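The values are calculated or read from the model by the stated rules, or taken from the named source; none is laboratory data. Keep in mind the model is a prediction, meaning the values are calculated, not measured. Neighbour counts run over all protein chains shown; Cβ positions are idealised from the backbone, glycine included. Only protein heavy atoms, including side chains, enter the accessible area calculation; ligands, DNA and RNA are left aside. Shrake-Rupley method; radii C 1.70, N 1.55, O 1.52, S 1.80 Å.
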Amino acid sequence: MDEMRIRSIFPTIFAEIDHPEPEPLNANLLQFIHRIRDEMPSEQRATTICQGWRSRSDLLEHDVPEIQALRKFFDQSIRSYLNYWTSQTGAQQVLPRLKHRYKGWAVILSENGYQHQHVHSRTDLTGVYCVDHATDRDSRDNGGGALTLVDPRTGRLSTRTTWETDLVNLQPIPGRLFLFPSFVAHRVEAVVGRGERVTINIDVLAVERA
């Protein structure tokens, strides 16, 4: 796994982690996700998706090699994130007692597809892993398909400064995992141009061992 890069946003701890060899993994994941999409309708329960498809939340429970490989990457990434978090908050003594579990689902957004602003409740971390983002570079440069994070600090509403922004736009890159606290509101900007934006999203819960 490549070195984790930490960014100070709002501020909170936001991580970008790149898979070391994403191309073969993502090719197999893309075939698997398309097969699942062809076999079942989109999950409609409490979805924020417009002009797209969402799998059920049991995607990562399938016993296939590509999902097993992705879970290994997720587990390593989450452990690295929690290790950094506890070191920065002075809670290193908690880390050996922590375990994590997560569920995941796939999202496919086609041309003009987007997701409304939302937060993930009853979870600790949100993850977004990019499988494919097959729009042209001009579209990405214009913000098409970007993951937009919204400043969660209520005090910012009354203290807006000229050198800060309350929005951060991040372009998904195939093989990259974003990890951030679940209280951070986020949305997906409309996909511009032909092609699909395919991601696997996860909700991560960190709990102490019994």
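Numerical summary
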item	result
Long-range neighbours under 6 Å by Cβ, at least six apart or interchain, first residue within 17 Å of residue 133 (Cβ to Cβ) within the stretch 13-25, second part of a loop (DSSP other than H, G, I, E, B)	17/4; 18/2; 18/175; 19/175; 22/174; 22/175
Subset of the stretch 1-21 that is at pLDDT 95 or above and over 15 Å from the mean Cα position of the chain (by Cα) - its residue that is least open to solvent (accessible area, probe 1.4 Å)	20
Residue within the stretch 83-98 that is at pLDDT 95 or above and either surrounded by 16 or more Cβ atoms within 10 Å (Cβ to Cβ) or among the polar types (S, T, N, Q) (or both) present	no
Checking residue 43 against (1) surrounded by 15 or more Cβ atoms within 10 Å (Cβ to Cβ); (2) of a type outside the set (Gly, Ala, Ser); (3) modelled with pLDDT of 85 or more; (4) within 24 Å of residue 101 (Cβ to Cβ), the condition it does not meet	(3)
Yes/no for residue 197 being open to solvent by less than 20 Å² (accessible area, probe 1.4 Å) and touching a Ser or Thr at 6+ places or on another chain (Cβ under 9 Å)	yes
Test set (1) among the hydrophobic types (A, V, I, L, M, F, W, C); (2) surrounded by 14 or more Cβ atoms within 10 Å (Cβ to Cβ); (3) modelled with pLDDT of 95 or more - residue 64 fails condition number	(2)
Count of the stretch 104-125 residues which are loosely packed, with under 14 Cβ neighbours inside 10 Å and in contact with a helix residue (DSSP H, G or I) (Cβ under 9 Å, 6 or more places away or on another chain)	0
Subset of the stretch 33-42 that is within 18 Å of residue 196 (Cα to Cα) and part of a helix (DSSP H, G or I) - its residue that is nearest to the chain's Cα centre (by Cα)	33
Candidates 101, 54, 37, 97 - the one that is under 24 Å from residue 189 (Cβ atoms) and either of a type in the set (Phe, Trp, Tyr) or touching a residue at least 60 places away in the same chain (Cβ under 8 Å) (or both)	37
Residue 30 vs. criteria in a strand (DSSP E or B), within 22 Å of residue 189 (Cβ to Cβ) and in contact (Cβ under 8 Å) with a residue 24 or more places away in the chain	no
Count of the stretch 126-168 residues which are open to solvent by less than 70 Å² (accessible area, probe 1.4 Å) and at pLDDT below 70	6
